[in-house]
Amino acid sequence: MRGIRDPRLLPIAEKVLEGKRLSFEDGLVLYETQDLPTLMRLANLVRERKHGHKTYFVHSIRVSQTNICYVGCTFCAFQRRFGEEGAWDWDVDEVVAWVRERYQPGLTEIHMTAGHHPKRPFSYYLDLVRALKESFPGVQVKAWTAAEIHHFAKVARMPTGRS
Ligand code: SF4
């Protein structure tokens, strides 16, 4: 394969071309490399080998249960304080109803991110995911960013991962 700028990718490219399995160490090199054009070419080669010219898409709906947030990032036009114009703060049933109104056959994912609410207990988030899973079986719930998980960990006084 020509045009590889990161020499560490040469043996990996050979493996990919030969259809060999990559190692954990190969994965770390792919993660670190700045040679994104080669990375993309290798990824596309494997994709086309597996799936030809088919491409698969996620059919996703985006929902935010609240825009109430105490963090105050200076770039953020989304955040609102309690009582501020444009603020919303939905209970579990309201989130489910909002999704149900917009539900279309073929939906594969409910993508949820929102503000860092200062008062909602951790149980609210568990109830919310449970209600969405029960109301829309078979639809993946992709919920919350690392920053939100950090917020929930503080609310629940729990660690963010297994230790
Ligand atoms: S944490 Fe998110 S919602 Fe809150 S202010 Fe920052 S970017 Fe906005």
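The values are calculated or read from the model by the stated rules, or taken from the named source; none is laboratory data. This is a predicted model, so every value here is computed, not measured. Cβ placement follows ideal geometry from the backbone for every residue including glycine, while neighbour counts extend to all protein chains displayed. Remember, those area values only see protein heavy atoms, side chains included, never the ligands or the DNA or RNA. Shrake-Rupley method; radii C 1.70, N 1.55, O 1.52, S 1.80 Å.
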Quiz prompt | Sequence-distant residues sharing a close amide H with Ala143 (under 5 Å, placed H) | solution = Met112
Self-check item: Neighbour-limited loop hits for GluC sites (Glu not before Pro), region 51-160 (at most 14 other Cβ within 10 Å; DSSP other than H, G, I, E, B)
Solution: Glu84, Glu85
Practice problem: Kindly report the accessible area of region 7-51 per residue (heavy atoms of protein chains, probe 1.4 Å, no ligands, DNA or RNA), in Å². | Solution: 74 Å²
Quiz item: Who wins for biggest fluctuation among Val96, Val139, Val29 in a Gaussian network model of the chain, springs between alpha carbons below 10 Å?
Solution: Val29
Quiz item: Mind checking the alpha-carbon convex hull of the chain and giving the volume per residue in Å³?
Solution: 190 Å³
Quiz item: Which value at 222 nm does the chain reach when only helices count, each DSSP H run of 4 or more adding -39,500 (n - 2.57), with the total divided by all residues and rounded to the nearest 500 deg cm²/dmol?
Solution: -13500 deg cm²/dmol
Quiz prompt | Dipole-positive endmost among Asn44, Ala13, Ala97 within the chain (Cβ charges, Cα centre) | solution = Ala13
Self-check item: With every protein chain in place, the chain: carbon and sulfur % of accessible area (1.4 Å)
Solution: 56 percent
Quiz item: trypsin sites (Lys or Arg not before Pro) within region 46-115: which are DSSP loop residues with at most 11 other Cβ atoms inside 10 Å?
Solution: Lys54
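Relative to the Cα centre, what is the charge dipole magnitude of the chain, using +1 at the beta carbon of each Lys and Arg, -1 at the beta carbon of each Asp and Glu, and rounding to the nearest 20 debye?
Roughly 480 debye for the chain.
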Quiz prompt | Cys residues of the chain counted as unpaired, since no other Cys beta-carbon is under 4.7 Å | solution = Cys69
Self-check item: lysines with Cα under 17 Å of Lys133, excluding same-chain neighbours fewer than 8 positions away
Solution: Lys142
